[in-house]
Amino acid sequence: MLMRRCTPWGVWLSLGLLLWGFPTLAQSQQPPIAPGTESEAADAPGTRTSGRERLPAQQETGSISGTVVDQSGGVVAGVRVKLTRDDQYPDQEVFSGGDGQFSFPNIPPGPFQIIISLAGFATQTSSGILRSGETYVVPDIALTVATAITEVRVMPSRVDIAEEQIKAQEQQRVLGVVPNFYVTYIHDAVPLSPKQKFELAWKTSVDPVTFGLTAAIAGIEQAQGRFSGYGQGADGFARRYGAAYGDFVTSTLIGSAILPSLFKQDPRYFYKGTGSKRSRILYAIANSVICKGDNGHWQANYSGILGGLASAGISNLYYPPGDRNGAALTFENTLVQIGAGAAANIIQEFVIRRLTPNAPGHNSSKP
């Protein structure tokens, strides 16, 4: 009897890397240029150094941070903060945390502008000049209501803030292609409402890349002769395709929408990005069996584990009789799925962010 495929979102993402990511990943692992090995021609009189070359040794990077508050002085979380420089540097974006604070580390010295924006409020800006090695603290930026018609101040709801954060997540694609929607780089991201959990599962299920990965898996299975009860030819490929897509949809819908809504759990992986390598590895492994609840506390990941079992049980309805799981094999596959999830989390922690152009703080992060 063949072991059933495992289809958590992280495993599909890893497959996407295998199909598209090895050339880029190899390039990303090239060792950095050692200090002092740059060409001395850049220091010759009359020559100019481009903005993408290394800064002179005395020009150390600094950091820019600040706090977003309301008119009463209370901190405001989930506000989009954009850092703009001259044309030599790309813009960077982050969201203010639960304490209202934001930070841009590893920023080259020079003039900059901070742009604060949140739906329903007037856009605020703050400019300054960052000196070499400086820790620049922007004066508190107070949000004001966009219209002066009424004096009633309307603060954004948690659902509105979560919606803004989801929009940023939906721009996260590995190598600009493979969806990476179920990872948040905001450590205190606002919990999703049940409706938002279902919407995220739906968008992941109908993404064009999901259909492409499903076709690739079905083609590989047919070439290897797996699930022989489906036969060969176009009819066999269509049956394998339907089974592979059914596995993905049921595991995503049950494990990332239905059960997280019932158990009030967050289906996303919360990127750590700080601490020692050992602590980050242990964190990634632990997140295969624990998750963050909507109350902000860590708890056993009932949604993911039970979702995997439920998906495997449902698959017995459409797999060939000779390939259907008994109860023992269903539990065995669930354990394999947990292990695969841990491996995918480790890849998320150390590799994926580097390959995701629209991840918050992508250009400045050095995990």
Do we find a residue being surrounded by 13 or more Cβ atoms within 10 Å (Cβ to Cβ), over 15 Å from residue 70 (Cα atoms), in contact (Cβ under 8 Å) with a residue 24 or more places away in the chain and among the hydrophobic types (A, V, I, L, M, F, W, C) anywhere in region 139-155? no
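Here are some residues: 72, 50. Which one is at pLDDT 80 or above, out of contact with any strand residue (DSSP E or B) (no Cβ under 7 Å at 6 or more places or on another chain) and part of a loop (DSSP other than H, G, I, E, B)?
On inspection, the qualifying residue turns out to be 72.
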Select from region 296-323 the residues that are closer than 24 Å to residue 162 by Cα and free of Cβ contacts under 8 Å to residues at least 40 places away in the same chain and list them in ascending order. 297, 298, 299, 300, 301
Residue 306 meets each of (1) surrounded by 19 or more Cβ atoms within 10 Å (Cβ to Cβ); (2) under 26 Å from residue 346 (Cβ atoms); (3) in contact with a Gly (Cβ under 9 Å, 6 or more places away or on another chain); (4) not charged (D, E, K, R) with one exception, condition (1)
Would you confirm whether any residue within region 227-249 is crowded, with 19+ Cβ neighbours inside 10 Å, among the polar types (S, T, N, Q) and not in a loop (DSSP other than H, G, I, E, B)? no
Kindly evaluate residue 268 against the criterion of being over 23 Å from residue 294 (Cα atoms) and in the same structural domain as residue 305 (by TED's automatic domain parsing). no
Residue pairs qualifying under the 6 Å Cβ cut-off, at least six apart or on distinct chains, with the first in region 112-123 being touching a residue at least 40 places away in the same chain (Cβ under 8 Å) and the second being basic (Lys, Arg), are 112/85
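Looking at region 75-96 only, could you name the residues that are polar (S, T, N, Q) and either in contact with an Asp or Glu (Cβ under 8 Å, 6 or more places away or on another chain) or not in a strand (DSSP E or B) (or both)? Walk me through how you get there before you give the answer.
Within region 75-96, the first condition is being polar (S, T, N, Q), and the residues that meet it are 84, 88, 92, 96.
Within region 75-96, 84, 88, 96 qualify.
Residue-wise test of (1) among the polar types (S, T, N, Q); (2) touching a His at 6+ places or on another chain (Cβ under 7 Å); (3) loosely packed, with under 14 Cβ neighbours inside 10 Å; (4) not assigned by TED's automatic domain parsing to the domain that holds residue 235.
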| site | (1), (2), (3), (4) |
| --- | --- |
| 278 | no, no, yes, no |
| 283 | no, no, no, no |
| 290 | no, no, no, no |
| 311 | yes, no, no, no |
| 317 | no, no, yes, no |
| 338 | no, no, no, no |
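How many residues are within 18 Å of residue 252 (Cα to Cα) and part of a helix (DSSP H, G or I) if we restrict to region 312-330? Reasoning before the result, please.
Let us first name the residues in region 312-330 that are within 18 Å of residue 252 (Cα to Cα), namely 312-318, 330.
Applying the additional criterion that residues be part of a helix (DSSP H, G or I) yields 312-315, 330.
Number satisfying all stated conditions: 5.
Can you name the residue in region 256-276 that is touching a strand residue (DSSP E or B) at 6+ places or on another chain (Cβ under 9 Å) and outside any strand (DSSP E or B) and, of all such residues, is surrounded by the fewest Cβ atoms within 10 Å (Cβ to Cβ)?
264
Can you confirm whether residue 324 is under 29 Å from residue 81 (Cα atoms) and among the basic types (Lys, Arg)?
The answer is no for residue 324.
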Specify which of the listed residues (201, 189) is crowded, with 16+ Cβ neighbours inside 10 Å, touching a residue at least 12 places away in the same chain (Cβ under 8 Å) and assigned to a loop (DSSP other than H, G, I, E, B). 189
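The values are calculated or read from the model by the stated rules, or taken from the named source; none is laboratory data. Everything numeric in this text was worked out from a predicted model, so none of it was measured. Reconstructed Cβ throughout: ideal geometry from the backbone, glycine too, with neighbour counts over all protein chains shown.
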